[in-house]
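Note sheet for the following structure.
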Amino acid sequence: MSLPIAHHWKGNGSERLMLCHGFLGSSAVWSELLPHLEPHFKLLLPDLPGHGATKALPGDASIDAYADCLIRLLDTEHIDRIDLLGHSMGGYIGLEALDLFVDQILGLGMLQSHVFGDDEQKKAKRDKLASQLLRLGTERIVPAMVKSFFHPDFDLSDSETHDYLDRAAQY
């Protein structure tokens, strides 16, 4: 199932690169990298279904459904071939897009992602988080989740780190 994907273009380079964000993100997560990439690439920045400005897929979302949505976006934009850089879940989606649509994905980069499927424990943890998000909303879950990304001894109270985390939570 495919649906319209909110997206925008950035950059002046000759090579095309799609940046695919991860779970709970949006195309805005790439903002710190854009100044470094824009001179070299014409960047396609989509918001995955249920993220950013894109409506959620009806029913259960899956990695292959997300990949299909990205390929339909390429068709809509009349893009025959593109490189894809995926972060976390975006890497899984990129891998699926490469597998299903090998002629359209030139190359794949994966950040904080891997080519192995998640084990049952990780899947259960992700399902629990998705359930909590639906029940409690992102405003209550995301700040606690972001704190879990850091070592317990890391000082999250210093003002520079606090400002950075506040900006990150807006994405």
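The values are calculated or read from the model by the stated rules, or taken from the named source; none is laboratory data. All values derive from a computational prediction rather than experimental measurement. Ideal geometry is used to build each Cβ from the backbone, glycine not excepted, and the neighbour counts take in all protein chains shown. Please note that ligands, DNA and RNA were not included when accessible areas were found on the heavy atoms of the full protein model with its side chains. Shrake-Rupley method; radii C 1.70, N 1.55, O 1.52, S 1.80 Å.
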| task | Please find, among Arg126, Arg167, Arg140, the residue that is in a helix (DSSP H, G or I), modelled with pLDDT of 70 or more and within 21 Å of Ala53 (Cα to Cα). | result | Arg140
| message | So in the stretch 1-22, with the set limited to residues that are open to solvent by 60 Å² or more (accessible area, probe 1.4 Å) and touching a Leu at 6+ places or on another chain (Cβ under 8 Å), which one is farthest from Leu85 (Cα to Cα)? | response | Met1
| task | Evaluate the stretch 84-96: report whether one residue or more is free of Cβ contacts under 8 Å to residues at least 40 places away in the same chain, open to solvent by 20 Å² or more (accessible area, probe 1.4 Å) and either more than 17 Å from the chain's Cα centre (by Cα) or under 17 Å from His7 (Cβ atoms) (or both). | result | no
| message | Please list, ordered by residue number, the strands (runs of 3 or more DSSP E) wholly in the stretch 1-96 having 1 or more residues that are closer than 17 Å to Gln112 by Cα. | response | 15-20, 82-87
| said: Among the residues of the stretch 51-63, are any touching a residue at least 60 places away in the same chain (Cβ under 8 Å) and not hydrophobic (A, V, I, L, M, F, W, C)? | reply: no
| Ser31 of a type in the set (Gly, Ala, Ser), open to solvent by 40 Å² or more (accessible area, probe 1.4 Å) and more than 10 Å from the chain's Cα centre (by Cα) | yes
| Among the candidates Gly25, Gly59, residue that is modelled with pLDDT under 95 and open to solvent by 50 Å² or more (accessible area, probe 1.4 Å) | Gly59
| query | Among the residues of the stretch 98-114, is any at pLDDT below 80, open to solvent by 30 Å² or more (accessible area, probe 1.4 Å) and part of a loop (DSSP other than H, G, I, E, B)? | reply | yes
| Restricting attention to the stretch 75-82, does a residue exist that is basic (Lys, Arg), within 28 Å of Ser14 (Cβ to Cβ) and surrounded by 15 or more Cβ atoms within 10 Å (Cβ to Cβ)? | no
